[in-house]
Amino acid sequence: MNSTKVAVVTGANKGIGYAIVKGLCKHFNGKVYLTSRDETRGIAAVNELKQMGLQPLFHKLDVSDEDSVKNFKEYIEEHDGGIDVLVNNAGITFTQDSNDSIGTRAEVTLATNYFGTLRVCEILFPLLRPNAQVVNISSALGHLSCIPSPNLRLKLSDPTLTIPHVSELMNQFIRDAKNNEHVEQGWGNVAYSVSKVGICALTIVQQKEFDKENRPISVNSVHPGYVDTDMTNHTGALTIDQGATAPLYLALGGHDLKGQYVWFDCSIADWYAPQAPKEKYKNFLPSHHYIVCT
């Protein structure tokens, strides 16, 4: 049995995912896989980190392609035997000036951000070792209050919610968006937000399932902050290394958190609250027990 620990980060050739890989290479005692759907960009990112004296490994992984995820699982089974850290970072968003219809934006965004993450989890979760950490990257827009409809909020926060129920709600949003009824039905007008609310709801259900199975595994979602990346058109207030702070805090297991929604400063945010915590970046200086990738 291979005893070397293994960490996997999806969508990691740039941005926050790249910074998470960098931090894991510095602070995680084991192998770190930088994965991305674009092999050329992924290898370039790995080579860049190697020039810094770090030793990440690359493997192609397209979260929207079931065969790609299964191929990665087979590779890990053969070469490593299991996974100790899984950071579900891969995600997309449309620019505000996109000419695509809301139906297209909903379908494409949810396909990667929610259903792609779910696909990775369903295929790779059997490989998780005891005490593994799963980190699902969400957003401030993933707070439950971002869904305008009280009825939908009740459904998404129902204690009896199951993964099929969450998925059906996400599919319902896609159908409503395609029929241009998404605002009327109470979803709001931001597909990215709905996808990240889905991620937070999924996280809570996943943790409950691990607990029922008596598997000692932690699953948490995290808002990494408003970060200067392609996804924010480089308008974010935080660097990618600062954005990696809370995800690394969770990935490295320096906590006892399970099924929580964690803010960028590593505090626990109440996902069910009437509104999300206020963003405060100006004086963002993580305290000593947070991992800072510098």
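Laboratory data are not the source of any read-out in this text; all were calculated from the coordinates shown. Note that the coordinates shown come from a computational prediction; the quantities given were computed from them, not determined experimentally. Don't worry about glycine lacking a Cβ; one is built from the backbone with ideal geometry, like all the others, and counts go over all protein chains shown.
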Here the residues of the stretch 190-205 lying in the modelled label zone of Q96, meaning backbone nitrogen under 16 Å from a point 7 Å along Cα-to-Cβ, are 190-193
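Students often check this: by mean Cβ neighbours within 10 Å, which of 134-145, 181-192, 11-22, 47-58 ranks highest, and how do the rest follow?
Numbers: 134-145: 23.5, 181-192: 18.0, 11-22: 26.9, 47-58: 14.3.
Descending mean neighbour count gives 11-22, 134-145, 181-192, 47-58.
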Nearest 10, in degrees from 0 to 90: the angle of helix 39-50 to the longest Cα principal axis of the chain is 50 degrees
At the level of C-alpha centres, the distance separating the stretch 164-233 and the stretch 133-161, in angstrom, is 6 Å
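Suppose R0 equals 41 Å. What FRET efficiency, 1/(1 + (r/R0)^6) with r the Cβ-Cβ distance, do R175 and S3 give to the nearest 0.05? Let's see the in-between values first.
Working: r = 47 Å, r/R0 = 1.16.
In this case the efficiency is close to 0.30.
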Pseudo-spin-label distance K26 to D38, built 7 Å along Cα→Cβ, given in nm, is 2.5 nm
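Expressed as a rounded percentage, what relative contact order does the chain have, with Cα pairs under 8 Å and six or more residues apart?
On the way: 582 pairs, mean separation 56.0, N = 294.
Reported as a whole number, the value is 19 percent.
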Restricting to aspartates and glutamates and to Cα separations under 19 Å from K70, and discarding same-chain partners fewer than 8 apart, the set is D38, E39, D62, E78, D80, D84, E122
Working note, the stretch 135-282: Cα radius of gyration (Å, one decimal) and Dmax (Å, whole number) are 15.5, 46
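Could you sort out which of K14/K278; K5/K73; K14/K155; K14/K208; K5/K278 sit more than 25 Å apart by Cα distance in this structure? Could you put the intermediate results ahead of the total?
Numbers: K14/K278 27 Å; K5/K73 15 Å; K14/K155 35 Å; K14/K208 32 Å; K5/K278 37 Å.
The answer is K14/K278; K14/K155; K14/K208; K5/K278.
Give the calculated FRET efficiency between Q51 and E74 to the nearest 0.05, with a Förster radius of 41 Å applied to their Cβ-Cβ distance.
Numbers: r = 30 Å, r/R0 = 0.74.
E(calc), rounded to 0.05, equals 0.85.
Please give the length that would be gained between Y272 and D67 if that part of the chain were fully extended, namely 0.36 nm times their separation in residues minus their C-alpha to C-alpha distance (nm, one decimal).
Here the segment from Y272 to D67 would lengthen by 70.2 nm.
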Taking Cα atoms only, helix 191-212 is inclined relative to the longest principal axis of the chain by an angle, in degrees rounded to 10, of 60 degrees
Relative to the chain, whose Cα atoms define the longest principal axis, helix 15-27 and its Cα axis are tilted in degrees, nearest 10, by 40 degrees
antiparallel share of DSSP beta bridges within the chain, to nearest 5, in %, is 5 percent
